[in-house]
Amino acid sequence: SSSLSSQNSNRIAELGSLSWAQFSQYQSSLSGIPIVIIRSQSSFFHDPYGITGSANGGTQLAMLALEQWLAVEMGIRVFSYQKKNTRPPIAAHLLLGYPGSQSFDHLIQNKGDVIAVIETRALLTPISVTKRLYPNAQVIFWAHDYAESYRHMFHELRQSDMIISVSNTQEKLWNKLGFQKNVKTIYNPLDYNIFDQIRKNTTRDPCKLICNSARGQMDWIASFMAELLKYNNCYQMYIVSQKYAGVYHASDQEKEKYHFHVLGNLNHEDLLRELSSSIAFIYPNTFVETFGLMFAEPPGVGTFILTNNRDDSAVSEVMECLGLSDWLLPSFDKNFDEKYWVQQFISFTKNKLNTPHFCPDLAPASVRLKWRNVLNI
């Protein structure tokens, strides 16, 4: 695979200006090299050629990491096909570096070379159709969302060869819903080498806090800051948005009263820099997190995370893997107790929290080993 990788990495620049006809003709010389097709329907596109692209969230980062690893390190031809709502889809032949604006099914000369079709978010074609088109391929559904949300697709999903869950918490739910066979958990990976580099090159501000506005908890963040500022007026809250949720727009009054600063959408490395320069990430959690990337990122750069448990969320699973279960506050529904949260924040942050905490199961090597076993490569 290493020789395939080096040979095909050199072809990226060469093939960037080929027509579809030339590209199709060139494919005939690659017969016998395995193909993996990854298809997704996302709220926004990720860039398969960038290191982080504009990815902001566990799903996009995990797809990007899988595509790049298969193509660059394993020498597998990866077709990435993304559809966004009603907009025209974009396709990319990752190994050869050729992007396009149409489906690539007709370009694959030997359908027998396709070893897997991985669907995420939604099924772009019925599984029975995919199996007829690629008879040698495993059809895998990569379930990033809450298992219950796929109930309308259960009949189709029972025809898949495997369902990949992103947490053991969700795998157990899939089992309860009648999918006892062929459900496996593969975590979304985190490149801790990047975390370490960023942490060592960032200065931490003892008055800087950070939060994510995507889950609709800004009223709680405001009440938390109002209470915290009674204790110490130095604290500032920096607000990160995610593309699927839109940028949170704080009013001038909110900025002044709660010390809000809106950062907007950030790519992953910029997000890690903001986390690394903050003393704490504040996250009142009433959302069902199927994986919980945002719980693993702050401790990876030595930043404290103040959040709460939720029985049907993967937060406790991720925090346990990090060795930080004692950081979790009790679960709550709608009655957010800002005084209690501020007391816990003050108690936790009395000690220096610069020591990073990692979950070994999230390391790329561990995640890739599980994908190798699933794909038989």
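Structure summary
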{"read-out": "Top-ranked residue in the range 316-338 [being under 20 Å from residue 225 (Cα atoms), open to solvent by less than 30 Å² (accessible area, probe 1.4 Å) and not aliphatic (A, V, I, L, M); ranked as farthest from the chain's Cα centre (by Cα)]", "value": "336"}
{"read-out": "Residue 313 being within 30 Å of residue 147 (Cα to Cα) and either touching a Pro at 6+ places or on another chain (Cβ under 8 Å) or buried (at least 19 other Cβ atoms within 10 Å of the Cβ) (or both)", "value": "yes"}
{"read-out": "All positions within the range 161-178 that are out of contact with any strand residue (DSSP E or B) (no Cβ under 8 Å at 6 or more places or on another chain) and small (Gly, Ala, Ser)", "value": "178"}
{"read-out": "All positions within the range 273-300 that are more than 16 Å from residue 329 (Cβ to Cβ), polar (S, T, N, Q) and open to solvent by 20 Å² or more (accessible area, probe 1.4 Å)", "value": "none"}
{"read-out": "Qualifying residue in the range 219-238 (condition: buried (at least 23 other Cβ atoms within 10 Å of the Cβ), outside any strand (DSSP E or B), of a type outside the set (A, V, I, L, M) and over 19 Å from the mean Cα position of the chain (by Cα))", "value": "yes"}
{"read-out": "The range 152-187, residues that are free of Cβ contacts under 8 Å to residues at least 12 places away in the same chain and charged (D, E, K, R)", "value": "172, 176, 181"}
{"read-out": "Restricting the range 150-167 to residues that are over 18 Å from the mean Cα position of the chain (by Cα) and among the polar types (S, T, N, Q), the residue that is surrounded by the most Cβ atoms within 10 Å (Cβ to Cβ)", "value": "160"}
{"read-out": "Number of the condition not met by residue 188 [criteria: (1) more than 30 Å from residue 66 (Cα to Cα); (2) touching a Leu at 6+ places or on another chain (Cβ under 8 Å); (3) polar (S, T, N, Q); (4) open to solvent by less than 30 Å² (accessible area, probe 1.4 Å)]", "value": "(1)"}
{"read-out": "All positions within the range 78-94 that are open to solvent by 10 Å² or more (accessible area, probe 1.4 Å) and either more than 21 Å from the chain's Cα centre (by Cα) or modelled with pLDDT of 75 or more (or both)", "value": "81, 86, 87, 88"}
{"read-out": "Some residue of the range 115-135 being among the small types (Gly, Ala, Ser) and surrounded by 22 or more Cβ atoms within 10 Å (Cβ to Cβ)", "value": "yes"}
{"read-out": "Filtered residues of the range 245-272 (kept if assigned to a helix (DSSP H, G or I) and surrounded by 16 or more Cβ atoms within 10 Å (Cβ to Cβ))", "value": "254, 258, 268, 271, 272"}
{"read-out": "All positions within the range 339-365 that are touching a residue at least 60 places away in the same chain (Cβ under 8 Å) and either surrounded by 18 or more Cβ atoms within 10 Å (Cβ to Cβ) or under 30 Å from residue 74 (Cβ atoms) (or both)", "value": "341, 342, 345, 353, 356, 358, 359, 361, 362, 363, 364"}
{"read-out": "Residue satisfying condition, being over 20 Å from residue 359 (Cβ atoms), polar (S, T, N, Q) and in contact with a strand residue (DSSP E or B) (Cβ under 8 Å, 6 or more places away or on another chain), within set 253, 236", "value": "236"}
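For (1) closer than 16 Å to residue 303 by Cβ; (2) in a loop (DSSP other than H, G, I, E, B); (3) touching a Phe, Trp or Tyr at 6+ places or on another chain (Cβ under 9 Å); (4) of a type in the set (Gly, Ala, Ser), each residue gets a yes or a no:
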| residue | (1), (2), (3), (4) |
| --- | --- |
| 145 | no, yes, no, no |
| 155 | no, no, no, no |
| 173 | no, no, yes, no |
| 197 | yes, no, no, no |
| 204 | yes, yes, no, no |
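The values are calculated or read from the model by the stated rules, or taken from the named source; none is laboratory data. All of these numbers come straight from a predicted model, not from anything done at the bench. For neighbour counting, all protein chains shown are included, and Cβ atoms are generated from backbone atoms with ideal geometry for every residue, glycine included. All accessible areas refer to the heavy atoms of the entire protein, side chains included, with ligands and DNA or RNA removed. Shrake-Rupley method; radii C 1.70, N 1.55, O 1.52, S 1.80 Å.
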